[in-house]
Amino acid sequence: MTSGSPDIKRQKIEDDDNMKVEPAESSESKQTVQELMRMYYGKLFPHQAMYRWLAYGNDSKHPQADAGFFQKREFCFTLDGDIFVRYQSFKDGNDLKEALKARCPSKIDIGPVYSCNPQDRLKFGASFVPVERELVFDIDLTDYDEVRTCGKGGHICTSCWPLMAVAVQIIDRGLRADFGFQNILWVYSGRRGIHCWVCDPSARKLTDEQRSCVANYFAVYKGHENDKAKLALGAGGAALHPAVQEAVDMLMPNWEANILPKQRLLEDESMCQSVLKYVPDQELAKSVLEQWNAPLPTSLAKKMSGLDINVQRWRMLQNAVALKISEVKKQSALHKQLSRCLIEIVLAFSYPRLDMEVSKKMNHLLKAPFCVHPKTGKVCVPIDPQHAFDFDPEGVPTVHTLLKELEQIQDAVGDQSELWKKTAMAEFVKLFQEAFLDSCAAAGRSEVLTRSRTYASKPDFSF
């Protein structure tokens with residue numbers, strides 16, 4: 001680790017009950033997660049892959065590569081006892097590895113690239129500023145607590161995971177199709193959320209104002225007011241913004257296939273009441289509730305045979321709204337409200353809920369991929385956005401299971417290099433490398449070559 005006095009503060013950390021390190025939520029071992037971290041950092045953490053990512057092509061010997069680029073990146077360690085150590089910097093992947101083994105942080109956060117080595121910041125005063133940083137997004141299931149039935153707070157399971165999966169697909173589509181970004185990494189936070197890193201050169205150079213604009217582009221959900229979600233949809237009756245319409249088109253099939261049946265929203269009395277608040281006609285809402293509570297008519301029972309009860313009730317609501325629309329004057333306010341109320345329900349209960357503050361500032365810290373969550377012991381592994389619904393947050397490898405695998409491997413195999421390849425970490429590091437890192441590193445090399453061509457094209461006035 002580079003020389004200099006680290007910025008050490010004892011403070012509360014916002015994420016996950018102030019990040020107090022406890023035994024992992026598992027019966028696999030009586031050892032705490034913290035007691036296992038030295039072995040994990042020394043044997044399994046992919047230091048070189050992380051270095052290759054964050055160097056962005058500057059780890060090469062090309063004349064225009066910035067050999068000090070990685071060293072200008074801020075790392076923050078949360079040490080045992082809630083000690084928050086900011087402005088750490090490292091020369092390369094090996095330097096990072098040695099620091100992790102020596103200090104065994106319970107959490108690693110990544111900050112921006114600064115104008116100089118963060119550990120030399122006091123020498124530079126006001127000229128010490130962030131110059132680039134990935135555009136990042138943070139989505140946490142606690143922000144969905146009033147619309148999920150399976151649990152609250154830190155709870156996560158396969159029943160509420162579809163809320164995260166559809167968020168991945170909506171935001172990923174928007175970033176790629178609407179903004180043209182390509183190098184995007186999705187990561188499970190290790191407990192109840194997901195993180196997104198947009199790593200294209202143009203994304204890393206965005207100003208704070210520009211980051212706010214991108215984040216606001218996705219901010220359809222604006223919180224709650226009068227027991228209903230505030231949704232940025234424009235004037236009632238107006239056509240939806242194309243990006244919102246794309247989101248609706250993605251949400252609708254998943255609403256019936258995944259979210260409704262897994263959350264069992266329309267079996268829960270309070271959720272039924274919450275859903276019907278979006279129906280603008282009180283008599284209609286009352287009539288639908290009565291239908292839901294009554295036995296299905298024979299003709300309807302045959303038509304909906306085999307459907308989950310939540311999907312049945314949703315179809316009944318759809319039919320009732322459609323019938324009411326046909327009875328109301330087309331240009332009336334009620335007609336416009338009825339025409340949009342089903343879309344509002346789906347968006348209110350399943351559209352991505354971003355932590356906006358994380359995305360707006362270049363100097364905001366975000367948890368590093370492949371670190372271990374101190375409460376669950378789970379590794380923060382990458383997610384394939386194309387297969388987000390297949391991801392199982394309950395099946396993520398933990399530091400306990402990985403080190404148990406490691407014990408067996410070390411007893412049976414002589415080669416001790418890259419031991420992660422022989423554990424459950426292998427598929428996730430492979431995903432990181434093949435689906436993200438290879439193209440990201442190529443973009444970084446291209447950026448270095450562009451810098452080289454720009455330098456070569458400058459006139460030389462030396463004599």
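The values are calculated or read from the model by the stated rules, or taken from the named source; none is laboratory data. In this text the structure is predicted, and so the values were computed from the model without any measurement. As a convention, Cβ positions derive from the backbone with ideal geometry for all residues, glycine included, and neighbour counts pool all protein chains shown. Just the protein is used for accessible areas: all its heavy atoms, side chains included, with ligands, DNA and RNA removed. Shrake-Rupley method; radii C 1.70, N 1.55, O 1.52, S 1.80 Å.
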### Task
Would you mind stating whether residue 273 is open to solvent by 50 Å² or more (accessible area, probe 1.4 Å), modelled with pLDDT of 95 or more and within 32 Å of the chain's Cα centre (by Cα)?
yes
### Residues satisfying the stated conditions in the stretch 117-145, i.e. without any contact (Cβ under 8 Å) to a residue 12 or more places away in the chain and acidic (Asp, Glu)
145
### Query
Which pairs have Cβ atoms under 6 Å, sit 6 or more apart or on different chains, and link a residue in the stretch 79-95 that is assigned by the TED database to the domain that holds residue 105 to one that is acidic (Asp, Glu) and open to solvent by 30 Å² or more (accessible area, probe 1.4 Å)?
86/7; 87/7
### Query
What about residue 359, is it out of contact with any Ser or Thr (no Cβ under 6 Å at 6 or more places or on another chain), of a type in the set (S, T, N, Q) and in the same structural domain as residue 133 (by the TED database)?
yes
### Query
What are the residues in the stretch 302-327 that are of a type in the set (Val, Ile, Thr) and either under 13 Å from residue 279 (Cα atoms) or surrounded by 17 or more Cβ atoms within 10 Å (Cβ to Cβ) (or both), if any?
311, 321, 325
### Summary
Here the qualifying pairs (Cβ atoms under 8 Å; residues six or more apart or on different chains; first in the stretch 385-397 and of a type in the set (A, V, I, L, M, F, W, C); second in a loop (DSSP other than H, G, I, E, B) and open to solvent by 30 Å² or more (accessible area, probe 1.4 Å)) come out as 391/384
### Task
Being surrounded by fewer than 20 Cβ atoms within 10 Å (Cβ to Cβ) and aliphatic (A, V, I, L, M) is the filter; apply it to the stretch 100-144 and report the residue that is farthest from residue 374 (Cα to Cα).
126
### Query
Can you find a residue in the stretch 37-60 that is more than 25 Å from residue 401 (Cβ to Cβ), at pLDDT 60 or above and surrounded by fewer than 17 Cβ atoms within 10 Å (Cβ to Cβ)?
yes
### Task
Report yes if residue 370 is modelled with pLDDT of 95 or more, surrounded by 14 or more Cβ atoms within 10 Å (Cβ to Cβ) and either among the small types (Gly, Ala, Ser) or not in a loop (DSSP other than H, G, I, E, B) (or both), otherwise no.
no
### Message
Here's a check for you: in the stretch 185-200, which residue that is in contact with a helix residue (DSSP H, G or I) (Cβ under 7 Å, 6 or more places away or on another chain) and open to solvent by 10 Å² or more (accessible area, probe 1.4 Å) is nearest to residue 258 (Cα to Cα)?
### Response
192
### Task
Return yes or no: is residue 363 surrounded by fewer than 16 Cβ atoms within 10 Å (Cβ to Cβ), in contact with a Gly (Cβ under 7 Å, 6 or more places away or on another chain) and either assigned to a helix (DSSP H, G or I) or not aliphatic (A, V, I, L, M) (or both)?
yes
### Conditions (1) closer than 30 Å to residue 437 by Cβ; (2) surrounded by fewer than 22 Cβ atoms within 10 Å (Cβ to Cβ); (3) basic (Lys, Arg): number failed by residue 378
(2)
### Query
Which residue pairs have Cβ atoms under 9 Å apart, sit 6 or more places apart or on different chains, and have a first residue in the stretch 37-49 that is farther than 18 Å from residue 106 by Cβ and a second that is open to solvent by 10 Å² or more (accessible area, probe 1.4 Å) and of a type in the set (A, V, I, L, M, F, W, C)?
46/420
### Message
Given the condition in contact (Cβ under 8 Å) with a residue 24 or more places away in the chain, within 25 Å of the chain's Cα centre (by Cα), crowded, with 19+ Cβ neighbours inside 10 Å and closer than 27 Å to residue 291 by Cβ, answer yes or no: does some residue in the stretch 233-244 qualify?
### Response
no
